[in-house]
Amino acid sequence: MDRLRVDKWLWAARFFRTRSIAKSAIEGGKVHLGGQRVKVSREISVGETLVIKQGWDEKEVVVRSLSAQRGPAPIARELYEETIASIEKRKREVRARKAAGAAVARPTQKPGKHQRKALERLRKQFDI
């Protein structure tokens with residue numbers, strides 16, 4: 001096998017739980033090849049570089065081998081190799097998110113009865 005549909009490969013490489021979720025991600029513009037959005041039926045081959053966005057993370061991976069079957073995670077990890085620049089970028093972004101989260105003032109205790117009722121009135125007022 002020298003070519004494989006990108007949705008099948010993403011599923012086999014365990015980036016997404018199902019092919020339909022992989023298809024939705026591709027259609028939503030979360031997968032790019034060479035800086036261009038990919039179509040679901042696009043066939044990929046070994047050596048191509050994909051950029052995959054999942055939640056906060058953006059991974060740049062190089063396709064090392066192809067498989068149309070979903071196997072165990074250790075075997076799935078052999079299908080691709082994440083670039084060093086991508087790993088470093090993700091680590092920097094995680095540190096930045098953690099630092100930003102530490103700056104947010106957290107309450108020291110749960111709201112009391114009167115505070116809860118005030119929050120409920122506020123939520124009803126704004127339909128939250």
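The values are calculated or read from the model by the stated rules, or taken from the named source; none is laboratory data. Keep in mind it's a predicted model, so treat the numbers as computed, not measured. When we count neighbours, we look across all protein chains shown, and the Cβ atoms used for this are built from the backbone with ideal geometry, even at glycine. When the accessible area is computed, the model is the full protein with side chains, heavy atoms only, and any ligands, DNA or RNA have been set aside. Shrake-Rupley method; radii C 1.70, N 1.55, O 1.52, S 1.80 Å.
Just a few scattered comments:
- Sequence-distant residues sharing a close amide H with Arg42 (under 5 Å, placed H): Val6
- Computed over the chain with a Gaussian network model linking Cα atoms closer than 10 Å, the most mobile of Arg37, Arg116, Arg97 is Arg116.
- Nitroxide proxy distance, nm - points 7 Å out along Cα→Cβ at Arg116 and Val62: 5.7 nm
- Working from Cα pairs under 8 Å separated by at least six residues, relative contact order for the chain is 21 percent.
- According to the Kirkwood relation over distinct C-alpha pairs, the hydrodynamic radius of the chain is 17.4 Å.
- The distance separating the Cα centre of region 72-128 from that of region 55-70 comes to 24 Å.
- Which of Ser86, Ser20, Ser67 is most accessible, then next, and so on - probe 1.4 Å: Ser20, Ser67, Ser86
- Two-site FRET efficiency, Lys91 against Arg14, from Cβ-Cβ distance with R₀ of 22 Å, rounded to 0.05: 0.55
- Annotation: lysines with alpha-carbon distance below 18 angstrom to Lys113 (same-chain offsets under eight excluded): Lys124.
- Simple rule: put +1 on each Lys or Arg Cβ and -1 on each Asp or Glu Cβ in the chain, find the dipole, and look at Ala25, Ile87, Thr108; the Cα lying farthest toward the positive end is Thr108.
- In order along region 33-42, the Karplus-derived 3J(HN,Hα) couplings, from 6.51 cos²θ - 1.76 cosθ + 1.60 at θ = phi - 60°, round to 10, x, x, 10, 5, 9, 8, 4, 7, 4 Hz, and Gly and Pro are given as x.
- Evaluating 6.51 cos²θ - 1.76 cosθ + 1.60 at θ = phi - 60° for every residue in region 12-29, the Karplus couplings come out as 5, 7, 6, 7, 9, 5, 10, 5, 5, 5, 4, 4, 4, 5, 5, 5, x, x Hz, glycine and proline recorded as x.
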